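To start, the structure itself, in structure tokens.
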Amino acid sequence: MSTNEFASKVQAIKELQVMADELAAEIEAAKDEIKREMEAKGTEKIIAGAFKVRYTTVKATRFDSRAFKADHADLYGQYTKQTESRRFSIA
């Protein structure tokens, strides 16, 4: 791939990313509007045509690794491992 082709490809990616970000913002705005309406109606489930829309509370239990590390640094060190990955970015 030539330098011009490479630059053109990167430019296309950046333009597509801007479009994707704009679409993601529109999607989130539409979801927020639906959530507000469901909260106003005091419901967790609405049938909308062929769709079931749910906005429910979900409880989860998660391990607090930061607190564990603060309280038991030696054990934390024994059970952690370093990983390696590759990150792609365009700035």
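Among (1) surrounded by 10 or more Cβ atoms within 10 Å (Cβ to Cβ); (2) under 30 Å from Lys9 (Cα atoms), where does Ser65 come up short?
Exception for Ser65: condition (2).
Return the pair list, or none, for Cβ contacts closer than 7 Å from residues in segment 2-28 that are under 18 Å from Phe88 (Cβ atoms) to residues that are of a type outside the set (Phe, Trp, Tyr) and exposed (fewer than 11 other Cβ atoms within 10 Å of the Cβ), at least 6 apart or on different chains.
Val10/Ile90; Ile13/Ile90; Lys14/Ile90
Residue under question is Thr56, and the condition is that it be modelled with pLDDT of 95 or more, among the hydroxyl-bearing types (Ser, Thr, Tyr) and not in a helix (DSSP H, G or I); does it hold?
yes
Contact list please: Cβ distance under 8 Å, first residue in segment 63-91 and at pLDDT 95 or above, second residue aliphatic (A, V, I, L, M), pairs at least six apart or on different chains.
Listed by first residue and then by second, the contacts come to Phe68/Leu75.
I'd like to check something: does segment 36-52 contain any residue that is exposed (fewer than 10 other Cβ atoms within 10 Å of the Cβ), assigned to a strand (DSSP E or B) and in contact with a strand residue (DSSP E or B) (Cβ under 7 Å, 6 or more places away or on another chain)?
Yes; the residues of segment 36-52 include at least one that is exposed (fewer than 10 other Cβ atoms within 10 Å of the Cβ), assigned to a strand (DSSP E or B) and in contact with a strand residue (DSSP E or B) (Cβ under 7 Å, 6 or more places away or on another chain).
The values are calculated or read from the model by the stated rules, or taken from the named source; none is laboratory data. Because the structure is predicted, anything quoted here is derived from the model rather than measured. Positions of Cβ are generated from backbone atoms using ideal geometry, with glycine treated the same way; all protein chains shown enter the neighbour counts.
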